[in-house]
Amino acid sequence: MHDSDDDYLHRDGRFERILYMIVFLVLFAIGETLLWAVTVAQMIWVAVYGRPNDHVAEFGARLGVWIKRVVLYQSGATDEKPFPWREID
């Protein structure tokens, strides 16, 4: 969380923060579309081969971590910007 409101606004200016939030809204929409694609691909893979595809599962896990970080940034729980400003674990 934040030490104080003044410190928070100083580190990442108000309008700069709002701009980043708009950018992440767009990126989040793209991430949501990717989630749909991953889900459909995994369903098809499971229907054909009877088990999940490891590569699709790995990508989905990383996408989930990124989505979580976007939500934390957008909600104000953190001021740490997600990928591409930081590595994806």
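The values are calculated or read from the model by the stated rules, or taken from the named source; none is laboratory data. No experiment lies behind these values; they were computed from the predicted model shown. In this analysis, Cβ positions are derived from the backbone assuming ideal geometry, glycine residues included, and neighbour counts consider all displayed protein chains.
Points to keep in mind about this one:
- Residue satisfying condition, being closer than 18 Å to Trp85 by Cβ, assigned to a helix (DSSP H, G or I) and modelled with pLDDT of 95 or more, within set Val71, Val38: Val71
- Qualifying residues in region 38-89 (those that are among the acidic types (Asp, Glu) and under 19 Å from the mean Cα position of the chain (by Cα)) - the one farthest from Phe24 (Cα to Cα): Glu58
- Within region 58-72, the set of residues being among the charged types (D, E, K, R) and crowded, with 17+ Cβ neighbours inside 10 Å comprises just one member, Arg69.
- When residues in region 33-81 are screened for being of a type outside the set (Ser, Thr, Tyr) and farther than 25 Å from Leu19 by Cβ, 26 of them pass.
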